[in-house]
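Shown next, in structure tokens, is the structure this report addresses.
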Amino acid sequence: VIFVCLCIVSVRASGNSLKDPYICGHPTCAPSEKFRYLTPIIYHYEYKTKVETYFAGSSNNRSTLDVKARVTLQFIKPCEGLLQLSDVTLIDQDENYPVERAEKFIHAIGLFDLRFAFH
């Protein structure tokens, strides 16, 4: 009985990343030169992409959407990063036409930070 109790306590205290939503990946890792980032620096990028979708059999067979965002990237551990999106905009091919449900998309994509781990 004591052995089983000790096993349960050690599993809870080990920082199991599969059970704790605040841990992303292994709690500890060896520093790596794989991506050559610097931990204390916060990186800022401007992200732009154009998404084109083609539809067969329609008179206007193309739909274009421009997505722009400000990306903030920082590495909080040697093998764990944090990605934040802000100032997200969606622009339809016709700039006078508002993108349907754009506000919901913009709110949802910027609501939470994306934590990621790599090895």
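Assorted remarks:
- Selected residue (criterion: modelled with the lowest pLDDT) from residues of the range 1-47 that are among the aromatic types (Phe, Trp, Tyr) and in a loop (DSSP other than H, G, I, E, B): 22
- Meets criteria (at pLDDT 80 or above, basic (Lys, Arg) and surrounded by 10 or more Cβ atoms within 10 Å (Cβ to Cβ)) for residue 50: yes
- Positions within the range 39-49 being touching a residue at least 24 places away in the same chain (Cβ under 8 Å) and under 11 Å from residue 75 (Cβ atoms), in sequence order: 39, 41, 42, 43
- Restricting attention to the range 53-96 and to residues that are aliphatic (A, V, I, L, M) and surrounded by fewer than 13 Cβ atoms within 10 Å (Cβ to Cβ), the residue that is modelled with the lowest pLDDT turns out to be 56.
The values are calculated or read from the model by the stated rules, or taken from the named source; none is laboratory data. Note that the structure is predicted; figures quoted are calculated from it, not measured. We place every Cβ from the backbone using ideal geometry, glycine too, and count neighbours over all the protein chains shown.
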